Amino acid sequence: MKEPEPLIPKHGGYRKLKSFQIAQLVYDVTVRFCEQYVDRRSRTRDQMVQAARSGVQNIAEGSQASGTSKKTELKLTNVARASLEELRLDYEDYLRQRGLPLWPPDHPALARFKARRCATLADVQAWVADERQRGRGGEGNGQPPTNTDEHGQKVEGGKRSVPVREGPCRSVPAAALAANAALSLLNLCCHLLDRQLAAQAAAFEQEGGFTERLYRVRSAARRKQS
């Protein structure tokens, strides 16, 4: 027998959302980034931290509100998406205004970053430290320097063994590494939120909101009584 439709369906559970987890990591990275690299007297510092916080909080609030209002869930998820877009622009501005590199998604250093699947601020900091080690001629993780040819390829016994993509990263300031890492996380989070918004919109079109559900549940109860 088919289970009756609940008036208030399961909701919340935002801590399990990948978008929430990444947004929370972006928030942690942004707080640390602003503490280290953005002037505390700058208005941008507060704006970046607040935009990062808004992304996290609105994902959570929207998920919790979904039990009684799909419209509110959609609205708050979109606010989260907009806040993270604002933050993305702030990071891009930081790099551009200081003449620091903005790496494309397929940059070798970002490929190594994505492969790590960082889950905590400490993970991101470890990647930054390893890339700086590579920039100084090492291989990260405290390994000794590796000889390379003029194309950046490893040379072992006179033979090239690793393509340039895997070679050491040229020396880059820690701020540029941290900003590019944050942008990589933001790109993924924004992509996930776009998919989340599309799914929420489709569900709203098919099922309606709380008012429609209230009508269906009440009608079913009346039919059962008659």
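The values are calculated or read from the model by the stated rules, or taken from the named source; none is laboratory data. Quick caveat, the model's predicted, so the values are computed rather than measured. In this analysis, Cβ positions are derived from the backbone assuming ideal geometry, glycine residues included, and neighbour counts consider all displayed protein chains.
Residue by residue, here is whether (1) surrounded by 16 or more Cβ atoms within 10 Å (Cβ to Cβ); (2) closer than 16 Å to D194 by Cα holds:
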residue	(1), (2)
A52	yes, no
N58	yes, yes
S69	yes, no
L89	no, no
E92	no, no
L102	no, no
L110	yes, no
A115	no, no
**Answer residue from region 117-133, given it is closer than 27 Å to D39 by Cβ and more than 15 Å from the chain's Cα centre (by Cα) and is surrounded by the most Cβ atoms within 10 Å (Cβ to Cβ) among those** = E131
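One line per residue, one yes/no per condition, for (1) assigned to a helix (DSSP H, G or I); (2) more than 18 Å from the chain's Cα centre (by Cα); (3) at pLDDT below 95:
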residue	(1), (2), (3)
Q47	yes, no, no
S54	yes, no, no
G67	no, yes, yes
L74	yes, yes, yes
S83	yes, no, no
**Message:** With the requirement that a residue be in a helix (DSSP H, G or I), free of Cβ contacts under 8 Å to residues at least 40 places away in the same chain and farther than 21 Å from D130 by Cβ, what does region 94-116 give you?
**Reply:** R96, Q97
**Message:** I need every pair where a residue in region 14-28 that is within 13 Å of S54 (Cα to Cα) and assigned to a helix (DSSP H, G or I) has its Cβ under 7 Å from the Cβ of a residue that is of a type in the set (K, R) and modelled with pLDDT of 95 or more, sequence separation at least 6 or different chains.
**Reply:** Y27/R53
